[in-house]
Amino acid sequence: TRQKTEDELVNLGKTDPNRLSQDELFFAWQTATGMDKEMIYKTYNEKYQQDWRGFNNLGVYYIQNNQLTEAEIQLQKAENIDANNASVINNLGVLYYAKGDFAKAEEYFKKAAGINPNDKINYNLGVILIKQGKYAEAVTKFGATASYNKSLAQVLNGQTKESISTINNVNSQEAFYFYLKAVEYARDNDKTQCINNLKQAIAKNADLKNYAKDDIEFRALFNDEDFKSIVQ
């Protein structure tokens, strides 16, 4: 029997899903994009109502598209099917973080970590701990992998040298990456690196100019001509 192509699977997932096996339909939605993905997700969930993966993945799709009410409905369905699934519980934490309910997000992240501790869940816990001002504990949750948030936790914890080392091992071109580097070098009294990184941050996001102008992190440079030339 000829194996179906990815395009054929997606097309059948939209038009005639009964011709696909469960595995083929699952693969079709992983391959689909945009509205096609949502349509195939819904079809899969109608056909396989006891598979937590369908509701979990649709919930994640809705989170990614900032449809948080819909995401909560789907993830709760997944939780009803498997209340001790670390992936589902972690995604509920991500949902509540996105909704700004940090206490509930922490509750779910801790529950997920208790079921199946892993780097992804610990990272999410680290983000919550930063929000709570528990910087030292956050640093430990981020583990050995360099990341923006680990560097942020380190600098907020007073570990300036370590935070610079971490951020220099992060490959990013985001404006806030350069802004954080500027703050770290300001704390390290390295004016040249501070100014260079602040210039790059502002070049990528002009709104940071007004923010930097009054940022207490740069208070030692408020009267510096080089600093004033890039923020005024």
Scanning segment 1-22 for residues that are closer than 30 Å to Asn66 by Cβ and not hydrophobic (A, V, I, L, M, F, W, C), the one least open to solvent (accessible area, probe 1.4 Å) turns out to be Gly13
Per the list (1) out of contact with any Ser or Thr (no Cβ under 9 Å at 6 or more places or on another chain); (2) part of a helix (DSSP H, G or I); (3) within 25 Å of Tyr108 (Cβ to Cβ), residue check on Thr192 breaks on (3)
Of the listed residues (Gly100, Gly93, Gly114, Gly126), the one being free of Cβ contacts under 8 Å to residues at least 12 places away in the same chain, not in a loop (DSSP other than H, G, I, E, B) and not charged (D, E, K, R) is Gly114
### Message
Just checking, does segment 168-178 include any residue being open to solvent by 80 Å² or more (accessible area, probe 1.4 Å), on the phi < 0 side of the Ramachandran plot and of a type in the set (Phe, Trp, Tyr)?
### Response
yes
With the first residue restricted to segment 188-201 and required to be in contact (Cβ under 8 Å) with a residue 40 or more places away in the chain, and the second required to be open to solvent by 40 Å² or more (accessible area, probe 1.4 Å) and assigned to a helix (DSSP H, G or I), Cβ contacts under 8 Å at 6 or more apart or on different chains are none
When (1) open to solvent by less than 20 Å² (accessible area, probe 1.4 Å); (2) farther than 21 Å from Gly13 by Cβ; (3) of a type outside the set (D, E, K, R) are applied to Gly100, the one that fails is (1)
Quick count over segment 112-153, residues being under 17 Å from the mean Cα position of the chain (by Cα) and open to solvent by 50 Å² or more (accessible area, probe 1.4 Å), is 8
With the first residue restricted to segment 158-176 and required to be of a type in the set (Gly, Ala, Ser), and the second required to be open to solvent by less than 70 Å² (accessible area, probe 1.4 Å), Cβ contacts under 7 Å at 6 or more apart or on different chains are Ser163/Ser151; Ser163/Gln154; Ser163/Val155; Ser163/Glu184; Ala175/Ala201; Ala175/Asn205; Ala175/Leu208
Note on segment 204-221: residues open to solvent by 50 Å² or more (accessible area, probe 1.4 Å), of a type in the set (A, V, I, L, M, F, W, C) and either touching a residue at least 24 places away in the same chain (Cβ under 8 Å) or touching a Gly at 6+ places or on another chain (Cβ under 9 Å) (or both) are Ala220
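The values are calculated or read from the model by the stated rules, or taken from the named source; none is laboratory data. Predicted, not measured: the structure shown is a model, and the values here were computed from it. So basically every Cβ, Gly included, is an ideal-geometry build from the backbone, and we count neighbours across all protein chains shown. Areas reflect the complete protein model, heavy atoms only, side chains present, ligands, DNA and RNA absent. Shrake-Rupley method; radii C 1.70, N 1.55, O 1.52, S 1.80 Å.
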